[in-house]
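Every read-out reported here was derived from the displayed coordinates using simple, explicitly stated rules and does not represent laboratory data. What you see is a predicted model; the values in this text were computed from it and never measured. Every residue, glycine among them, receives a Cβ derived from its backbone with ideal geometry; neighbour counts consider all protein chains shown.
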Amino acid sequence: MHKSFYVFNGVNGKAAPVKTVIRQYTERDFEAMIDVQRESFPPPYPEELWWSKDQMIEHISRFPQGALCAEIGGRIVGSMTGLMIDMKDYGHDHSWETITDNGYIRNHNPNGDTLYVADICVIPEYRKTGIGKWLMQSMYETVVQLGLGRLLGAGRMPGYHLYAAELTPDQYVDRVMAGELQDPVINFLLRCGRTPIGIAANYLDDEQSGNFAVLMEWRNPFTTYSE
């Protein structure tokens, strides 16, 4: 994977197009990747969940097609990491640690039917440019290229803590889908073409989401997939 395009990043729409590259990350990018994690996931996000060099070595050796970064002017500004799995081995109610092998993806299954998103992030400076959607689109292309049935991942629900006393996680997602509530992560994934299919409890130590996450998929339109 290596492609280039242009994004706009400026105030009041006054910005020149900036060339952006999406490519597979390699060992020489590890320090920059950790910086991206640090900027993208500040407290209260647990620091120990940032990628480590040992984890990234596994990413690029086991499934390099699922190890993508976005680069502008030689600076990495975002990344996305995935692995292939067979969902029959896990079911919907799984944790991030279980389904990603605690981020090491040693459970990557080359014969799996689903590309599972372990992580996607863009540094705050570039979050209004569409780079996140470009990363997602690039991973959809990987799904199509490999002939997989779908892309699946669990999104945080950072607005849920404001309503947890009155709404179940499913009710919260229903209200977001009805346009009655706004959730930045769920709305972002919807704009990327993802569809909610369920809730995972105790997915991640995430106070804002009440440790819940919403499972959202994108189905490969060129295959017939049945779970």
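Going by how many other Cβ atoms sit within 10 Å of their own, how do Arg106, Arg28, Arg175, Arg150 line up, fewest first? Intermediate results must be reported in sequence, preceding the final value.
Values: Arg106 12, Arg28 7, Arg175 16, Arg150 20.
In increasing order of surrounding Cβ atoms, one gets Arg28, Arg106, Arg175, Arg150.
Hey, rough spin-label estimate for Phe5 and Lys53, points 7 angstrom out along Cα→Cβ, what's it come to in nanometres?
If labels sit at Phe5 and Lys53, their model points lie 3.3 nm apart.
Just want the ordering: Phe5, Phe222, Phe30, from fewest to most Cβ atoms lying within 10 Å of their own Cβ.
With the sparsest Cβ surroundings first, the list reads Phe222, Phe5, Phe30.
Residue by residue through segment 174-190, what is 3J(HN,Hα) from phi via Karplus (6.51 cos²θ - 1.76 cosθ + 1.60, θ = phi - 60°)? Round to whole Hz and write x for glycine and proline.
Values, residue by residue: 4, 5, 5, 5, 7, x, 7, 10, 10, 10, x, 6, 4, 5, 4, 5, 4 Hz.
Reported to two decimal places, what Rg/Rh ratio describes the chain when computed on Cα atoms with Rh from the Kirkwood expression?
0.95
Given Cβ point charges of +1 (Lys, Arg) and -1 (Asp, Glu) and nothing else, what value in debye, to the nearest 20, does the dipole of the chain about its Cα centre take? Numbers along the way, then the final one.
Details: 20 positive and 29 negative charges, 238 e Å.
Roughly 1140 debye, rounded to the nearest 20.
Karplus couplings for segment 131-141 from phi (6.51 cos²θ - 1.76 cosθ + 1.60, θ = phi - 60°), rounded to Hz, Gly and Pro as x?
Along segment 131-141, the couplings run 5, x, 5, 5, 4, 4, 4, 5, 6, 4, 4 Hz.
Relative contact order, percent, of segment 2-156 when contacts are C-alpha pairs under 8 Å separated by at least 6 residues?
23 percent
Using a cut-off of 13 Å between beta-carbons, work out the net charge of the residues near Gln208 (Lys and Arg +1, Asp and Glu -1, Gln208 not included).
Around Gln208, the surrounding residues sum to -3.
Run the numbers for Ala15 and Lys133: contour at 0.36 nm per residue of separation, minus the present Cα-Cα distance, in nm.
40.5 nm
Report, by chain and number, residues whose modeled amide H sits under 5 Å from the one on Asp119, excluding near sequence neighbours (fewer than 5 apart, same chain).
The list, which skips near neighbours in sequence, is Thr81.
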